[in-house]
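Scroll down for the structure; my scribbles are underneath it.
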Amino acid sequence: MKFTLLSVFACSPAAVIRGVAPEVQSKYLQSLHCGGEEVALSAINDDYCDCDDGSDEPGTGACSGQEATLFHCPNVESTPQVVYASRVGDGICDCCDGSDEAHLLGQRACPNTCREEGQRQSAEREKKLEDLRAGLKVKLETISQAKQQKQEKEEQIQRINGELPGLEAQLTELLKKKEEADAVRLQADCKTELPRLRQKVKDLEEKLASLESQLARVQGETTSTTTKKVVSEYAKWMDGADAMEDEKDETDMEPDTTSQDTQEVDGGVASNAVSSDRADQEEDPLEKELKEMEGVLKSNKDLRSRLTKELEELREEHFGFASLRDKCLEFKSSEYTYKLCFFKDAKQSFTRLGNWDGFTSPTEAVFKNGEMCFGGPARSLKVSFQCGATEEVVSLDEPSRCNYAAVVRHSGACVETMMEELESPRIRHPKEEL
Amino acid sequence: MEVVRRMSWVFLILALTVLPAAAVDRSKFRTCEQGSFCRRYKKWISRPEREKALWTVLPQTRAPLPEGGFSFQVKHVNEETPHLLLKLNIYASGMVRMRITEIKPLHIRHEIPPGDVVSDPPPAAAKVSEADESGKSIFKFATADGTAAEAILHHSPLALEVSVGGQILQRLNARNMLNFERYRTPKERLPPDTASVAAPDTVLLDAAAHPNGLDTNGLWEEPFGGHTDQKPRGPASLGMDVSFLGDVPSLFGLPEHATKASLPFYQEPYRFFNLDVFEYEIDEPMALYGAIPIIWAIHRLGGGQTVSSGFLWINPSETFVKLERDTPDGKGGPAHAWWTSESGVLDTVVMVGPTPKTVSAQFHDLTGHGPMPGLWALGKHQCRWNYMSEKDVATVDSMYDKYDIPYDTIWLDIEHTDGKAYFSWNAAAFPNPKQMIDNISAKRRKFVNVVDPHIKKDEKFHVYREVRDKGFFVKKVSYKQIDDPTDVKPADWVEETKIPDPTATQPPEWNTEEDGPWVAPQIDNPAYKGAWHPRKVNDPTPDLTDFEGWCWPGTSLYPDFTDPAMREYWGSQFALDKYTGTNADTYIWNDMNEPSVFNGPEVTMPRDAIHPNGMVEHRDVHNMYGYYVHRATFEGLQKRTPGDRPFVLTRSFFIGSHKYSAIWTGDNYAQWSHLKASIAMVGALTLGGQSLVGADVGGFFKHPDTEMTVRWYQLAVLIYPFLRNHAHLETPRREPYVFDEKTMLRIKASLQMRYKMLPLWYTLFHRWASAAEPVVRPLFWDFLDDPQTHENEEALESQIMLGDSLLVHGIAKPSSEQSEATVYLPKASGWYSIHNGAFKAPGAHVHKLDLDSIPAYYRAGTVVPLKSRIRRSSACMSLDPFTLNVYLNPQTGAAKGRLYIDDYRTRTYQDGKSFLDIELEFKDGVLRATKTGALPEAVAVSAEIERVEIFGLQTALSSAESVQNGKAIALPRPRSRLLDGEAKLQAAVVKVKPFIDMRSEWQLSVK
């Protein structure tokens, strides 16, 4: 096979354009145009760059600096690759067959390492394939479970949605009954309590009047002397703080300010009524029933919103990651123990790096809004998933301060199409490296 | 409890909102007024009748100096005998050096050891004719280029006039501001042997002893910022003025200051005191990291002649210089400067010019020539605080390759070390550093590690133990107060506390027989002023312990780098068997070498610390500490890899640092103002001899937006000889590939342009190393006769020249604020856009801006060497052929240029022949070369031409021919195109196939 290939090359010299993949060779058999001009055949690979896109120099470094035309290394016994023209003749062996440095001769020539590279690569591919197969298997299971869970959740939601109107009607009914019962009791209470309360109001009004007159007198005496001197910024700030404190106190009371009087009254008088109310509640079957009904409604609604959230958090395209639900993965560095709890939060020992913010791509997710760095941004953690059958954190770095990046191995990142690529590797392209 | 918590939150929020927008903390750093010697110098020079002569040169004491030149004794009018010695040297290249020191000082006045700044005494002027006239000694000489010059030493008051071609350019002590404080015994007002000791309070002697509002604060100790500077040796400052005569439109120089190119005449003097200034600001005379106290003056003389001269103040102690004008509007007429330094000797050099080129030549004749940097040092450097691990380094390296972006060097900052003990590795993050660096070497790239001079105090750290045991650490002085042995009790000291009451008389009723002899009652003696105590002085033999300060590692010690033995030890630490994990492609970055001492006064070392080498006080050598550090590193690397060109980057520097080190402008800011200021800062530094210089691209602090990043790269690739991208720990990553694709491609295009122009850069560095020409320089350097280059704000502050061929105009505003730029093209035969070859006549041009490029123009009449093939690193380009761009003078159809080639990395070129230095000339359609030197065959670099591009032809070309070794070869028909611009000029590309080999005889002709 190898022999035949070589002889084909030998028989049709025009087809042997250095640096061009066999399937593209024919392009160079016809006349070549660039920049609106025809390029003479003699200008192909003459180590002089005539075309800005480098198309006249596919096999030399003459057009290095552009990336439209790349140099093809056959890499027999390994994977063919294309490299930037800047790699051709730069003194560094980029291709295992050394074809990018064909000018280096003797001792400085690039050794052909394609057999070793090929073996290493196929071993690596085997390993990856193995991982991929295992990963895909796990992923399939995960997905089918996720689908089932999805269905269950949807059914549950549906069930809740079906039951809720009935439950709500029951609750309304109970509330109505309770209102009626309360009205009857209140009427009875009023008859006994009203006179007493009236007397109390009168007493309090008198007390209030006397206090007010005292206060007016005292204020008259002190206003001239209490004008505070601002002695320092600190004092000024303290004043501000006081003001804010007052404000806060006011806000605390706000909801009740309108009924302040009655509350005062309650404080002294109605406490009996309240406590007796409580005592009553214990025994009031209506009250108990109402509470229970409210509880049922609430738990149903909570469940529904949790399920809805879970469904939204994990869309169908990420079902492969469903096994991460309620799971934490740990990673120990020399200084810290990191804990990545998916769909929840991520921590570096005791520092929160972020809350789960969802997937950003088929194989990437992010935790955001972690604890603030001093004078800097809030911490965040980007997660990149890598195909594998096991679940583990491969690496965790801080590429810039407070911006963390983790690589996590997980079957969710395994994709069928990888199989194809691993089984019959394509030509390697420089932009795919890394 | 709740209230307390809430209050603390309020407090925190307040504290956060009042955090200042980035600004330097001025309270940390001294002004002239806050430092005693500068304050008293200001009082000294404002004394009444300042013009009256104080110091007089005694012509009869003239004696020849062993190294050439003359010495004179100088006597103060109020001193019995002469105490100062004036030395005058006239150097062949056209320099007049005047030094003044004490004849017999009480303490050694620190002088920079010969060779450390002034490399070797430069050759003395060949023919100096001397003549004494009444009141002056006249020395006539000629500069290296034959210009007649004179130095006239006026005897009383002492003054020195230097003139060229009959025109006085500079006058030293013109305004009689000379001050020279001789050492005196502790707490003495006057130094020994002063006249009129009878009235010491009224004698007019020096800034530390005079009757005119004398400020005696801080003579013997001086507090600042919670530290007290002990000065057992007392005041020893010195100062003088210099006037630049003629109409002087602008002064340049005084690096390093974050100021304008045309130096502003600030109220506050410029300060030279090397400091680690956090978040420095722009348009400021505050001190920064380094000091090259040189002033360049432009003198417009009668008859339309414009010349240039230089003035250098060589003193490593704290120095202030104030620029002044006679006119209130601060424009035109002569310009003046006064200088004052805290200690040492007065050492000044006048570089007489008269052209900028000769001033540069004179400066380097005095301070030595810089070495050729390795070509790689001119490529792109990628740095960050910090690449965190071996994987991180490998990733950055391969990301550059992934996008085919060229770069040469990757850097590691302090985090790579084991607890900031330099020379060590953080083993968790860098378990196999040697392998990591070898991988970088395999890509033909280089590696730089930071090694700071502060030494972690840690018994486990061998460098700490060894330096300590050798006694090389700078010492702290713990003074004990003792009785001054010279202070004896005066003979007339009243010791009686009680005396008999003189007013009392024996009462008449006193009966002596009965009452005994009458004795007057005792009263307090009014003449008694208390018990006599001798004056207290600091024990001259204080306890010396190793000085400890705070820096990155915590408690740190600071080696005495002024000691050659310490430098030798330091250098030996870089040996590959000592510095584990490194290889021969590893080079060094010295940071924090001002030195930075976090808890020291002004974030540096106390001035009263003692350098064990000569028991010199730190104040005497402060501004040279950084210089000695990077020099020790350079010399170590030289020994580590014999034959290799060392590379060291330093933050702190002094006059002469260019012989050893690259410098950068320190911790700048991602702000447009810093981008713009870098043009002036780089220009000032190159005028100070420091051509291997640059600012951090993108700014060190904070994060530049994409537009600022692009603009910064576009400028930096064209005008920063040292091109490094660096960033603070807290900023997001900013390597070129992290940006959006458009931005990445713009940065990549800029870097590709830099690599394409490397042959020009390298040739310019050869001009610098061999002919003292700054690689980058303000416009006046090349266009002195064009007055716009002295006064046009845009031309001065936004533009700069790369060599004599490329003019660059920096864009320092976002496009939202600036859509066009006015570019001033100086008087020449025309200019060609670097981007499309469009021809422009000299004068101001409005340039519409887009984000793809900044305005840059090649001067008509130049030949520019380039390499069109862009590789991943400069080493990978060594076998690639050259492209020559010929930019014709459209009137004459001629152009000239140069190309320098050597092996790009070894010191072999220093043999004076192992290189090709080619002068190129295009004339009458023929490109010819004259070469000196010969590249040995074994040097595997290309000296071939693959392409010649000719701009400014009147007609299209029809044919081209090369002649090699006498053999004519027809070349492919050139391709021509019409250039933009009114002149309707043509450009043509000549495909040189086969290549011309410039090692042999050749020429190329076109028709």
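A quick yes/no check of all residues on (1) over 30 Å from A:Ser334 (Cα atoms); (2) open to solvent by 30 Å² or more (accessible area, probe 1.4 Å); (3) out of contact with any strand residue (DSSP E or B) (no Cβ under 7 Å at 6 or more places or on another chain); (4) not assigned by TED's automatic domain parsing to the domain that holds B:Arg869:
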site: B:Thr358; (1), (2), (3), (4): yes, no, yes, yes
site: B:Lys380; (1), (2), (3), (4): yes, no, no, yes
site: B:Tyr387; (1), (2), (3), (4): no, no, no, yes
site: B:Glu390; (1), (2), (3), (4): no, yes, yes, yes
site: B:Thr395; (1), (2), (3), (4): no, yes, yes, yes
site: B:Lys402; (1), (2), (3), (4): yes, yes, yes, yes
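Criterion first (free of Cβ contacts under 8 Å to residues at least 12 places away in the same chain, within 14 Å of another protein chain (Cβ to nearest Cβ), within 27 Å of B:Ala258 (Cβ to Cβ) and not hydroxyl-bearing (Ser, Thr, Tyr)) does B:Glu741 satisfy it?
Against the criterion (free of Cβ contacts under 8 Å to residues at least 12 places away in the same chain, within 14 Å of another protein chain (Cβ to nearest Cβ), within 27 Å of B:Ala258 (Cβ to Cβ) and not hydroxyl-bearing (Ser, Thr, Tyr)), B:Glu741 does not qualify.
Taking the condition more than 25 Å from B:Val359 (Cβ to Cβ) and either of a type in the set (A, V, I, L, M, F, W, C) or in contact (Cβ under 8 Å) with a residue 24 or more places away in the chain (or both), does B:Pro105 pass?
So B:Pro105 fits the description; yes.
Might you check whether a residue that is closer than 30 Å to B:Gly303 by Cβ and in contact with a strand residue (DSSP E or B) (Cβ under 8 Å, 6 or more places away or on another chain) occurs anywhere in the stretch B:227-241?
Yes, some residue in the stretch B:227-241 is closer than 30 Å to B:Gly303 by Cβ and in contact with a strand residue (DSSP E or B) (Cβ under 8 Å, 6 or more places away or on another chain).
Taking the stretch B:940-968, which residues are away from chain A (no Cβ under 14 Å) and surrounded by 13 or more Cβ atoms within 10 Å (Cβ to Cβ)?
B:Ala943, B:Ile950, B:Phe951, B:Gly952, B:Leu953, B:Ala956, B:Leu957, B:Ser959, B:Glu961, B:Val963, B:Gln964
For a quick check of your reading: which strands (runs of 3 or more DSSP E) sit entirely within the stretch B:502-569 and have at least 2 residues that are open to solvent by less than 60 Å² (accessible area, probe 1.4 Å)?
B:536-538, B:548-551, B:554-557
Looking only at the stretch A:367-392, which residues are surrounded by fewer than 18 Cβ atoms within 10 Å (Cβ to Cβ), closer than 20 Å to A:Arg325 by Cα and touching a Ser or Thr at 6+ places or on another chain (Cβ under 6 Å)?
Result: A:Lys368, single match.
With respect to the numbered conditions (1) over 35 Å from the mean Cα position of the chain (by Cα); (2) within 30 Å of B:Tyr400 (Cβ to Cβ), which one is the sole condition not fulfilled by B:Tyr900?
So B:Tyr900 meets the others, but not (1).
Just checking: which of the strands (runs of 3 or more DSSP E) contained wholly in the stretch B:126-224 hold 2 or more residues that are in the same structural domain as B:Ser243 (by TED's automatic domain parsing)?
B:129-133, B:136-142, B:148-154, B:159-164, B:167-172
Of all the residues that make up the stretch B:995-1007, how many are open to solvent by 30 Å² or more (accessible area, probe 1.4 Å) and touching a Leu at 6+ places or on another chain (Cβ under 9 Å)?
Of the residues in the stretch B:995-1007, 3 are open to solvent by 30 Å² or more (accessible area, probe 1.4 Å) and touching a Leu at 6+ places or on another chain (Cβ under 9 Å).
Of all residues in the stretch A:58-68, which are within 10 Å of chain B (Cβ to nearest Cβ) and surrounded by 19 or more Cβ atoms within 10 Å (Cβ to Cβ)?
A:Thr60, A:Gly61, A:Ala62, A:Cys63, A:Ser64, A:Gly65, A:Gln66 - these are the residues of the stretch A:58-68 that are within 10 Å of chain B (Cβ to nearest Cβ) and surrounded by 19 or more Cβ atoms within 10 Å (Cβ to Cβ).
Just checking: which of the helices (runs of 4 or more DSSP H) contained wholly in the stretch B:697-806 hold 1 or more residues that are acidic (Asp, Glu) and open to solvent by 30 Å² or more (accessible area, probe 1.4 Å)?
B:706-719, B:741-756, B:788-791, B:793-797
Quick check on the stretch B:358-410: of everything there that is assigned to a loop (DSSP other than H, G, I, E, B) and farther than 23 Å from B:Leu692 by Cβ, which residue is nearest to the other protein chains (Cβ to nearest Cβ)?
For the stretch B:358-410, the residue satisfying everything is B:Asp404.
For the stretch B:796-816, indicate whether the set of residues that are within 14 Å of another protein chain (Cβ to nearest Cβ) and closer than 22 Å to B:Ala695 by Cα is non-empty.
No, the conditions are met nowhere in the stretch B:796-816.
Taking the condition over 30 Å from B:Tyr464 (Cβ atoms) and in contact with a helix residue (DSSP H, G or I) (Cβ under 9 Å, 6 or more places away or on another chain), does B:Trp518 pass?
It is true that B:Trp518 is over 30 Å from B:Tyr464 (Cβ atoms) and in contact with a helix residue (DSSP H, G or I) (Cβ under 9 Å, 6 or more places away or on another chain).
Across the stretch A:393-423, what is the number of residues that are open to solvent by less than 30 Å² (accessible area, probe 1.4 Å), within 14 Å of chain B (Cβ to nearest Cβ) and in contact with a strand residue (DSSP E or B) (Cβ under 6 Å, 6 or more places away or on another chain)?
Looking only at that region, the number is 4.
Would you check which residues across the stretch A:28-57 are open to solvent by 10 Å² or more (accessible area, probe 1.4 Å), modelled with pLDDT of 90 or more, more than 10 Å from every other protein chain (Cβ to nearest Cβ) and more than 44 Å from the chain's Cα centre (by Cα) and list them?
Selection gives A:Ile44, A:Asn45.
Inspect all residues belonging to the stretch B:840-852 and state whether any of them is open to solvent by less than 10 Å² (accessible area, probe 1.4 Å), more than 14 Å from every other protein chain (Cβ to nearest Cβ) and of a type outside the set (Lys, Arg).
no
Let's see how each residue does on (1) more than 14 Å from chain B (Cβ to nearest Cβ); (2) closer than 30 Å to A:Val20 by Cβ; (3) surrounded by 17 or more Cβ atoms within 10 Å (Cβ to Cβ):
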{"residue": "A:Leu340", "(1), (2), (3)": "yes, no, yes"}
{"residue": "A:Asp357", "(1), (2), (3)": "yes, no, no"}
{"residue": "A:Thr363", "(1), (2), (3)": "yes, no, yes"}
{"residue": "A:Pro425", "(1), (2), (3)": "yes, yes, no"}
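Determine which single condition B:Phe423 fails, assuming it passes every other condition in (1) crowded, with 23+ Cβ neighbours inside 10 Å; (2) more than 14 Å from chain A (Cβ to nearest Cβ); (3) assigned to a loop (DSSP other than H, G, I, E, B); (4) at pLDDT 95 or above.
Every condition holds for B:Phe423 apart from (1).
Out of B:Phe320, B:Phe273, which single residue is within 20 Å of the chain's Cα centre (by Cα) and surrounded by fewer than 24 Cβ atoms within 10 Å (Cβ to Cβ)?
B:Phe273
Could you say which residue among B:Ala442, B:Ala429 is under 44 Å from the mean Cα position of the chain (by Cα), under 30 Å from B:Trp664 (Cβ atoms) and loosely packed, with under 13 Cβ neighbours inside 10 Å?
Going through B:Ala442, B:Ala429 in turn, just one is under 44 Å from the mean Cα position of the chain (by Cα), under 30 Å from B:Trp664 (Cβ atoms) and loosely packed, with under 13 Cβ neighbours inside 10 Å: B:Ala442.
Filter the stretch A:96-108 down to the residues that are more than 14 Å from chain B (Cβ to nearest Cβ) and either in contact with a helix residue (DSSP H, G or I) (Cβ under 6 Å, 6 or more places away or on another chain) or in a loop (DSSP other than H, G, I, E, B) (or both) and list them by number.
A:Cys96, A:Asp97, A:Gly98
Go through the stretch A:73-89 and count every residue that is within 14 Å of another protein chain (Cβ to nearest Cβ) and under 18 Å from A:Lys431 (Cβ atoms).
8
The values are calculated or read from the model by the stated rules, or taken from the named source; none is laboratory data. Note that this is a predicted model, so its numbers are computed, not measured. So basically every Cβ, Gly included, is an ideal-geometry build from the backbone, and we count neighbours across all protein chains shown. We work out accessible area using only protein heavy atoms, side chains counted, and drop any ligands, DNA or RNA first. Shrake-Rupley method; radii C 1.70, N 1.55, O 1.52, S 1.80 Å.
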